[in-house]
1. Note down the accessible area of B:Val491, probe 1.4 Å, to the nearest 10 Å².
2. Hey, if we sort B:Asp274, B:Asp62 by accessible area with the 1.4 Å probe, largest down, what's the order?
3. Need one number: nm distance between label points at B:Lys45 and B:Asp218, each 7 Å from Cα along Cα→Cβ, rounded to one decimal.
4. Using only Cα atoms, tell me the angle between helix A:93-113 and the longest principal axis of chain A; keep it within 0 to 90° and round to the nearest 10.
5. Ignoring ligands, DNA and RNA, what percent of the 1.4 Å accessible area of the protein assembly as shown is carbon and sulfur?
6. Indicate, rounded to the nearest 5 percent, the antiparallel portion of the DSSP beta bridges found entirely in the stretch B:51-169.
7. What nm value, rounded to one decimal, do you get for the distance between B:Met200 and B:Asp561 when each label is placed 7 Å out toward the C-beta?
8. Give me the residues in the stretch A:204-227 whose solvent-accessible area, probe 1.4 Å, is reduced by at least 10 Å² once all protein chains are included instead of the chain isolated.
Amino acid sequence: MARSLVLARRELRAYFDSPIAYIFLVVFLALSSYFFFFQIQGFFLVGQATMRIYFEILPYLLLFVVPALTMRLWAEERRAGTEELLLTFPVRPFEIVAGKFLAAFALVALTLLLSLPLAFQVAALGPLDWGPVVGGLLGGALLGASYLAFGMFVSSLTRNQIVAFILTLVGLLFFVSVGSTPVLARAPAGLAPFLEALDLETHFKAIARGVLDLRDLFFYLTFIGFFLYLNAAALAWRRWR
Amino acid sequence: MSASPKSFFTRNAVLTVALLLGILVEANLLARRLLVRRADLTQDKEYTLDEASRRLVGGLKDRLVITAYFTPRDKVPGHFVPAWRRVADLLEEYRAFGGGRVVVEFVDPAQESEARDKAQRMGVVPFPVTVLEREQVSQQAIYMGIVMRYEERNKTIPMIRPAEVASIEYQVTTAVKSLVAERNPRVAFFSREPDKPPKMKGFDLPTPPERIYQVVRDALAERVEVLDVKLKRDLVPADVDVLVCPRPTEVTAHEKFAIDQFVMRGGRLLVLLDRADYPMAENLRRKEIPLGFEDLLEHWGIRVPNALIVESAQASGMMQRPQRVKIGAGEFTVQGAIPYPFWPRATGEGQGFSKDNPATARLGEAIFLWVNPVEAIPERLAAAGLSSEWLLRSSPRSWRTGKVDQVYPDDRTLGALELELVKEKPAPSTFAIAVSGSFPSFFEGKEAPPPEKERPTDKDPETRPAPPILTKGVDTRVVVVGDSDFAATYVLGTRAPAQSKNFLLLANLVDWLALDPDLIAIRSRGTRERPLTALSERRERYREEVGIRPGADLSGLTKEDYQAKLDQAEERLQAFKDRVKYTHLLGLPLAVVLFGVLRTVLRAREKRAYLNRFAGAAASKSRAPAPTGGTP
């Protein structure tokens with residue numbers, strides 16, 4: 001774990017040494033504020049002291065920015081040929097994966113924390129209920145982590161960043177829409193509850209209401225764990241090859 | 001043929017992944033059943049279904065189908081969205097706690113005509129809303145009704161207004177409760193109104209005009225069983241759950257005894273009383289109504305002072321009356337509406353309804369005619385171990401008076417009254433209270449009054465052995481309202497009385513009294529409105545700045561000037577909103593960019609310093625004298 005943390009720190013510094021972190025933060029913050037205030041049913045039009053609009057668009061914002069972050073994580077290493085060097089280090093594949101994951105997660109978490117000024121603004125205008133804000137941030141962090149885990153796994157399969165981006169986007173689109181009403185309406189009756197349980201957004205919505213349900217947390221943890229494991233397995237497999 | 005290590009590894013890996021996936025899926029399925037622990041972080045515990053509701057849906061024997069006839073969320077106006085979400089969330093809770101027996105489906109009635117017909121057949125009513133979008137005003141019909149089906153029976157909540165959302169759990173649970181119940185509650189009306197003519201095939205005999213609560217009886221019959229009781233000779237039948245006494249007049253000893261004993265055995269009582277009448281035929285001159293049972297009410301800690309509530313103009317109902325108006329040089333008489341101070345109008349915003357009682361918490365408005373106050377007598381209640389809560393009250397800018405003889409809506413009467421009242425400090429008066437607990441009998445230690453004749457012409461009633469008097473009752477509730485007109489046909493009207501706001505109040509009171517005590521625990525809570533109060537305050541401040549604060553002298557202003565000032569204040573408010581929007585849209589991203597630039601500059605400087613140091617070391621090295629001797 002200590003080695004993962006060292007790796008994570010190095011990766012995180014690399015984010016801030018290059019324009020990646022700034023572009024990520026600026027795009028995310030600007031888009032979230034834009035949708036919060038300027039969409040048709042924006043904050044002032046609804047006229048309620050709530051952050052729900054923000055948390056409604058959060059899954060979709062993350063859906064576009066997280067693949068942009070994860071696409072290069074392995075593809076870049078493979079293209080530059082540094083992956084082989086990394087794999088010769090005396091660290092287990094899972095530690096490398098965890099290190100990269102933690103660094104990317106720290107960036108996503110920072111982005112979410114930067115939404116707090118928005119929450120304070122809302123609280124200054126009306127009686128904001130902080131429960132759903134805490135729930136939404138926690139849910140956002142778990143959702144972001146799930147996107148990251150999946151995106152990193154996809155990135156480990158290819159050396160082309162564009163391919164990694166598109167595959168991640170398509171895969172995540174599947175995971176956020178598989179439990180939506182139009183899909184469920186057409187799915188065989190027996191399969192519907194399973195599909196609904198697989199939907200990342202359904203679990204996020206449940207938490208973002210301000211309700212922490214162990215089942216939702218458990219789902220996210222297994223989802224993240226599974227894809228991180230696959231990622232490590234893919235690395236180990238390449239080491240063998 | 002043996003497999004190569006590579007293919008062995010690949011097969012192994014695939015197998016491991018498949019196994020892991022299977023375990024995780026199974027673990028999640030198990031978790032869905034076992035890890036049912038949750039923490040509701042919301043302020044009012046909005047997402048925690050009340051214990052009573054959970055028990056109810058958890059114990060269903062058959063499948064309950066809840067069909068939400070809702071216009072999709074992205075098609076409803078913005079102010080409907082929170083209500084929409086809240087109801088959807090709540091239905092989801094019912095489903096989650098239903099243990100597989102509760103099915104929730106959403107149907108958009110606007111989408112297909114079949115669904116629309118069905119919705120309308122089930123009593124779901126669309127309501128028109130005016131939408132302002134992109135400077136265009138349009139009318140839109142919104143559906144937000146719920147139909148619940150259980151064992152071939154249906155219950156419908158025709159429409160849910162955003163203001164009613166706080167108590168939607170109460171509405172749904174009561175509806176489900178009545179679907180599941182073996183029998184409907186029985187509500188008896190104690191009144192001396194003439195009987196309704198018997199139903200005969202082919203004949204539709206008109207209801208006698210003196211039967212002024214018939215409309216209410218009919219509308220209530222949709223949800224409960226309604227019957228009439230006469231109490232001069234008999235006691236209230238044992239299977240009656242609620243006794244309604246609309247406008248009791250000269251209650252006799254035996255009737256009082258029957259009411260007392262009904263309450264003693266746990267029956268719930270609703271009294272709608274008036275202490276005076278103001279007949280139109282007598283120019284609205286006050287006519288005392290002898291109640292005959294004030295002593296019984298006082299025994300139970302309820303006082304009905306002989307006074308009249310006078311409301312401020314803002315909280316009064318409007319009365320039509322001829323008015324003299326000047327147009328040009330001429331003077332004409334036209335029908336106009338004036339605020340009539342003797343018709344208090346209770347509103348949700350005006351805090352006329354108690355928010356703590358499920359019967360009143362969700363009501364938006366109701367109007368009452370010539371109301372007298374109803375108060376609790378704290379010492380009596382304490383002595384009897386009873387508790388009380390107020391349900392309805394007049395506004396803080398209201399008075400009570402015992403001096404009014406005529407309530408004619410002419411300027412002279414109203415003006416004189418106003419002059420009289422401004423000298424006194426206004427204060428809200430309660431005019432409906434609920435008392436709960438185990439009531440003491442008024443007849444304890446007394447003889448039971450003998451049965452009487454219904455009409456003087458009746459022959460003497462047979463003497464029966466007096467039943468033993470119940471002296472201490474079981475837990476029950478008594479509600480007394482200081483107005484009986486609000487539920488009368490002449491106020492409700494005969495068209496769609498069930499949708500009248502006044503009827504809703506009465507129906508809620510009856511429901512609240514008739515239902516299982518554990519349902520009463522469902523207080524309306526949750527999704528309280530969270531208006532942007534700082535914004536409204538700012539609007540007031542801007543209006544003050546442009547000179548139109550409340551109470552200011554606006555006599556010199558024309559209507560156009562006034563409008564222009566309003567617009568000016570709105571413009572300032574809009575500018576404030578824009579400031580907030582752009583600060584967030586540009587401010588934070590700009591801060592991030594600045595941080596990035598700063599970091600890059602610092603790093604560049606650090607790098608330069610490092611390179612310089614390196615270059616310096618290299619230079620000093622090159623200037624050093626060449627080592628001597630031993631050159632290769």
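The values are calculated or read from the model by the stated rules, or taken from the named source; none is laboratory data. The shown structure was predicted, so the numbers you read here are calculated from the model rather than taken from an experiment. All Cβ positions, glycine included, derive from the backbone under ideal geometry; neighbour counts span all protein chains shown. Please note that ligands, DNA and RNA were not included when accessible areas were found on the heavy atoms of the full protein model with its side chains. Shrake-Rupley method; radii C 1.70, N 1.55, O 1.52, S 1.80 Å.
1. Roughly 40 Å² of B:Val491 is accessible to a 1.4 Å probe.
2. Working: B:Asp274 0, B:Asp62 60 Å².
Descending accessible area places them as B:Asp62, B:Asp274.
3. Here the answer is 4.4 nm between the modelled labels.
4. 30
5. On the way: 25940 of 44210 Å².
About 59 percent, which is the carbon plus sulfur part of the accessible surface.
6. Values: 19 of 25 bridges.
If I count the DSSP bridges inside the stretch B:51-169, around 75 percent turn out antiparallel.
7. Modelled inter-label distance: 7.2 nm.
8. Hits at the 10 Å² cut-off: A:Arg209, A:Gly210, A:Val211, A:Leu212, A:Asp213, A:Leu214, A:Arg215, A:Phe218, A:Phe219, A:Thr222, A:Phe226.
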